[in-house]
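Right, one structure below, let's go through it.
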Amino acid sequence: MTTASLFFEQAPDTSDVERLVIEVGGWEGPLDLLLTLARNQKVDLREISILALVDQYLNFIRDAKQLRLELAADYLVMAAWLAYLKSGLLLPRPADIDPDPEELAMRLQLRLQRLDAMREAGARLMGRDRLERDVFLRGVPEGVRTLRKTAWDASLYDLIAAYGHLRARAEPPVHFVRVRNVMPLDEAIERVGRLVGAQINWAEIGVFLPADKDPAYRRSALASSFVAALELARLGRVELAQDGAFTPLMIRKGQNYG
Amino acid sequence: MAEEMTFEDGGEALDGLPIGLPEEARLRALEALLFAAQEPMSQADIARHLGELPGLMASLRSLAAHYAGRGINLVERGGKWHFQTAGDLAHLLRREREEPRKLSRAAIETLAIIAYHEPVSRGEIEAIRGVQISKGTLDVLLEAGWVRPAGRRESPGRPLLYATTAGFLAHFGLVSRRDLPGIEDLKAAGLLDPVDETVMQLALESRAEEE
Amino acid sequence: MAEEMTFEDGGEALDGLPIGLPEEARLRALEALLFAAQEPMSQADIARHLGELPGLMASLRSLAAHYAGRGINLVERGGKWHFQTAGDLAHLLRREREEPRKLSRAAIETLAIIAYHEPVSRGEIEAIRGVQISKGTLDVLLEAGWVRPAGRRESPGRPLLYATTAGFLAHFGLVSRRDLPGIEDLKAAGLLDPVDETVMQLALESRAEEE
């Protein structure tokens, strides 16, 4: 940590790097070390010499080894990778080698720029006017509170309906069956038999229904008359015909019946 | 903000020149200090932060004058200064929010029994409803201000009696309890017809959803 | 203070008449409310206390303008408003305050990466820093309330993503993430582009051998 801040404030040259070898434990990984070395070139990160940077890094690692410092494995892996990159950049090679060492060098440069940008952004964030360090909230705010008060909602109807319901519950229940206006089957058989008795030609069953205004009664009469017609057909007293489902049901007097 | 200031405690400002911070900067500093302070500050407290300021009292008064009539005021209490929100706005800071809630069926039935039979004991209410009342049910009615304790019945156990309140009459738009429809009225209105419990429940639920 | 107000959310004010409180009373109420509040307040929070106010944003800006340059300022942070002392007075106020938590370098960088790249996975943070994040680093940021989990990326492994909070904006004095220092330049330079897997390869190759 102290190593890093020292570096940033003093922008040390290469001689400083050697002094800093001792504190290698303070680096935040090989990329951090590379970035510090890159900054030593004192040019814009977009213009650094990757080859020089690779040399700086490899020298650093060699020095560290001479001082018998324990280096974490990833520093050595990075060294190996950079050595490979260096040879790729220096040695003549076929054009289609993959990955292209120039491309790799560019990516390394981009990574350094990204890390540098974030490091700088972090420093700028920390340097802002920070709450409870540079700017302060009110020391003892009164506080605002919302007291929730329940407004019970009930209407007079709810009240009296509840009471009526209670009282009704208390009384022994009496059930009434409402008298409904229907056409009993007996009556339908008698009626259809009588009316069809004279009917030679086909007629729709509806014409035998009573003309009544009550739709419930008409429905009942239709149902009873239909069942009556089936019964009468079974006895041979009438004949039924229907062209298809839901088409009019036709009825006439049984042709073989007295 | 940049009003001319008048030095009231003359002594320090005899020469007519403000010492130390220019007045505007001083007012800003005072304002910030008193705002962030954990407790009201005396002039000595202020001086510990801002240094000795001749004419500090005048500055404080000037600042207090600036805030007079605003939503926050700078006030002095026993020689100590602090900011507080204007007294007439206190109601905004403690806002009561009414949340409409439907009374439970147990509560409305209990209320109906009390209204029709008052004064009535808990035991009698339970006898009419045919089930025990939970403690919360009566509490809700008491809290709503519709029901009040109305003495004790002079019978074994001296049970507490309940009756309705004027608030009850007001809420339900009744002049007096005599306005409640009687049993015959209820019967005529079909409210005493045997009710299928599930149908009743459905009706209550759908009403609740509508609202 | 008594400027004419402009109604931004037109609808309610079509007839050109201010609804509810007159502007001066409204500013007083806003001032009192925000002064008394323990937490920064959003427009919705304000409406819960003062009722729906057409043109609330205009009133807030008007109040902020009134306090600009004073010892205390009204500021907006991530859509929430609060009063705070002016930054340039820090030296006068700092003494009795304890320093806010001191962050490690790793934590600072991690916070910057999350803020500038959000939402971002732990793997992406590690790719940018070229080193693994130690256990406590994200914990510290989460505990400070500056960083929050923000869903998962729908890619292999469904890594958890991190983003910053309103508390982060408030602490660092940012109106919104657009306010982050230099973010536009960095974006333009392509330095905030999603981390390309092949770029990550550099780090991954080395890491793979370690693990």
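Computed from the coordinates by the stated procedures, all read-outs in this text should not be read as laboratory data. Because the structure is a prediction, the values reported are computed rather than measured. Cβ: placed from backbone, ideal geometry, glycine included. Neighbour counts: every protein chain shown.
At-a-glance table
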{"read-out": "Hz values of 3J(HN,Hα) by residue in the range B:171-185 - Karplus curve (6.51, -1.76, 1.60), Gly and Pro given as x", "value": "4, 9, x, 10, 6, 8, 5, 5, 6, 5, x, x, 4, 5, 4"}
{"read-out": "Peptide C:36-47, shielding by other chains (average Cβ, 10 Å cutoff)", "value": "3"}
{"read-out": "Shielding by partners, peptide C:170-176 (average Cβ within 10 angstrom, other chains)", "value": "4"}
{"read-out": "Rg over Rh, two decimals, the range A:129-220 (C-alpha only, Kirkwood Rh)", "value": "1.67"}
{"read-out": "Proportion of all alpha-carbon pairs of the range A:54-145 beyond 21 Å (%)", "value": "60"}
{"read-out": "Sequence ranges C:69-79, C:131-141, ranked by mean other-Cβ count within 10 angstrom, highest first", "value": "C:69-79, C:131-141"}
{"read-out": "Per-residue average of Cβ from other chains inside 10 Å of B:82-91", "value": "5"}
{"read-out": "D (Stokes-Einstein, µm²/s), Kirkwood Cα radius, the range C:26-160, 1.002 mPa s at 20 °C", "value": "119"}
